[in-house]
1. In region B:222-254, what residues drop by 10 Å² or more of accessible area when the other protein chains are put back, versus the chain on its own? Use 1.4 Å, and skip ligands and nucleic acids.
2. Work out the charge dipole of region A:1-135 with +1 on the Cβ of Lys and Arg and -1 on the Cβ of Asp and Glu about the Cα centre, then indicate which of A:Ser96, A:Pro57, A:Val120 is farthest towards its positive end.
3. At a probe radius of 1.4 Å, figure out the B/A buried accessible area, summed over both chains, and give it in Å² to the nearest 100.
4. Taking the Cα centre of each part, how many Å lie between region B:87-157 and region A:247-300?
5. Quick one: pull the percentage of alpha-carbon pairs in chain A with a separation above 33 Å.
6. Counting only heavy atoms of the protein chains, get the accessible area per residue of region B:65-177 (1.4 Å probe) and round it to a whole Å² value.
7. Write down the accessible area per residue of region B:1-56 in Å², having rolled a 1.4 Å probe over the full set of protein chains.
8. Taking a spot 7 Å from the Cα of A:Ile62 along the direction of its beta carbon, which residues of region A:185-210 have an amide N less than 20 Å from it?
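The values are calculated or read from the model by the stated rules, or taken from the named source; none is laboratory data. Please read all numbers here as calculations on a predicted model, not as lab measurements. Glycine also receives a Cβ, built like all others from the backbone with ideal geometry; neighbour counts cover every protein chain displayed. Just the protein is used for accessible areas: all its heavy atoms, side chains included, with ligands, DNA and RNA removed. Shrake-Rupley method; radii C 1.70, N 1.55, O 1.52, S 1.80 Å.
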Amino acid sequence: MTLETSVGRIELERPGMVASGIMGETGPSMARMIASGAGAVVTKSIGAEPKAGYPNPCFTEIKSGYVNAMGLPNPGIELFADEMRIAVAAGPVIGSVYGADADEFAMLAGRMEDYGAAAVELNLSCPHAKGYGMELGTDPEGVKQIVVAVKGAVDIPVWAKLTPNTRSIADIGLAVQEAGGDAVVAINTLKAMVISPEMRKPVLSNKFGGLSGPAVRAVGVRAVYDLYTTVDIPIVGVGGVTDAHDALQYIMAGAAAFQVGSAVAKGGPDVFDEINKGLERFMMDYGYKSISEMIGVANE
Amino acid sequence: MSNYARITGITVEAYDTKTIEFQWDEKARPGQFAMAWVPGMEEIPMSLSKIGRIKSITVKNIGESTNRLHQLTIGDTLRLRGPYGSGYDLKKGVKYLVVGGGIGVASVLPVIKETGADTIIGARTDKDIILYDQAHRYASDIWISTDDGSRGFHGNAVELMREKCDENRYDCVIACGPEAMLYHLYKACEDLGLDCQMSLERHMKCGAGLCGCCMIDDQRVCKDGPVFNKEQLSGMTEFGVSKRDTCGRLVKFG
Ligand SMILES: Cc1cc2nc3c(=O)[nH]c(=O)nc-3n(C[C@H](O)[C@H](O)[C@H](O)COP(=O)(O)OP(=O)(O)OC[C@H]3O[C@@H](n4cnc5c(N)ncnc54)[C@H](O)[C@@H]3O)c2cc1C
Ligand SMILES: Cc1cc2nc3c(=O)[nH]c(=O)nc-3n(C[C@H](O)[C@H](O)[C@H](O)COP(=O)(O)O)c2cc1C
Ligand code: FES
């Protein structure tokens, strides 16, 4: 029995990765997460320039999850070289990037490749430069342009991380596939808001934020199931995974691997070890020898 | 989880420091902190200077957000997230020496209350000393150091600590204060073969161990800390040397 899996060309010893934005800002923290049993770590989404993000409050707990509007704080691609050097020495690192347009995405992806990233993950949930609060990843044509530009700039696999805040996530997945993308990652956070009745106003400084944690799991599983029926490229599932049982939902919906974000708050870095043990127990009990035997079986 | 608490008491501790008291039913340990917020300020980390059913934060006014907290009055509502962090690991039969530097006394006050340990309060001048009366009530013995000699020992808290460790036998130093003080205190503990636990500060956003912005080396100050033991401190390359800014850039202490 083995927990090995692959996302296209990328071979992973363990199927769980650290999701972008979770302990992925510094080299030492990424190295620690890999040592804790994660199969890979996705970096914080990195942009062209250093960014402080939105002022606090930018994060809050709700009953079944979290709502955050960090505002993509990051040290910028130039300085991130120092962090990547440390992280890459520890294991597979997926470089997440966000840009204002296709050219910027391509430039950033190229730098991640130079730094030794095993693959690049495009954060398509960042705001559309043209405004209206729309996310880049809601427009299939725009997504295609970005993926084509990045594919032309790097040799490492290109993963597109999809936003659930769109009419049809499957259409966006198809656009990624048509543009030559190597995998889709689903889902990013759901647009959300928390109001404080005591203070009579939204809690987050940005007013809106993104919902994550157990509250989004059923939405994520459904998105992966939909994508599995529409695209042929591998799918990485993310959203509300806290234990092996949650991870298995994503795998059986069609994910070749999964990512864990919010669960690191309560479970700590050890959450990966726990999930790995739980997967082995399940596979033992139900007679599976490999992750690949379970991928997408719920669609049959 | 987040909660809202009505302010029930405000005490002026010094010209720039106030204690804000409220009823908050969450269970808390010595050394834990909360993320505090009211509209018109950034949400910021504050140590709990009282941890029973009635809790408090002790705020030094150094900028916009702490200034906003100083404007609050009895009856106002405060939003609190937490309690967060590891807290001090207190054991029976261990002889502790508590050292609080400046506003750091707020974090160690619950330790003094729980253990009755000997205590050193360090401050720049006489008028910067805070929480002395409260600490005095619970500490077995208590000494003051001021940089300018306006009260107590003339010198810094680390020099006074070395003196007291000559006179008495301690097992472990518990401390919170400016990082330069903590760093030299840690060095003194190494010299003297004493164990120690120290509470550190880094810029915090989520406070819950997720975003990774409060890292010191590979440790999250909000979750793995803010209190670190001697073994953890000894492995840190950034302790006393550098910290991360709000963008995640490494900056050296000035
Ligand atoms: C675990 C912990 C416990 C603390 N306990 C206390 C306490 O009991 N009493 C007290 O008076 N102060 C405490 N502080 C420090 C307090 O959080 C800062 O003084 C406060 O955030 C300053 O905000 P400002 O807007 O008034 O000042 P600013 O001018 O905005 O900032 C001044 C300095 O405060 C620090 N700071 C600002 N924002 C943050 C943040 N989000 N997280 C961490 N540091 C920040 C930075 O070093 C900054 O340079 C604690 C800090 C931490 C990390
Ligand atoms: C604090 C925080 C920061 C995040 N930052 C990013 C980011 O920079 N880039 C990104 O693509 N996703 C980011 N995400 C989204 C996560 O990667 C993930 O898609 C989402 O949280 C759902 O997974 P979860 O329920 O396991 O957290 C962030 C999530 C959280 C909670
Ligand atoms: S403040 Fe987010 S991990 Fe510590």
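1. B:Lys223, B:Asp224, B:Arg244, B:Thr246, B:Cys247, B:Gly248, B:Arg249
2. A:Pro57
3. In total, this chain pair buries about 3100 Å².
4. Measuring centre to centre over Cα atoms gives 50 Å.
5. Every Cα pair in chain A considered, those over 33 Å come to 16 percent.
6. Heavy-atom accessible area per residue stands at 41 Å².
7. Ligands and nucleic acids excluded, the result is 42 Å² per residue.
8. A:187-210
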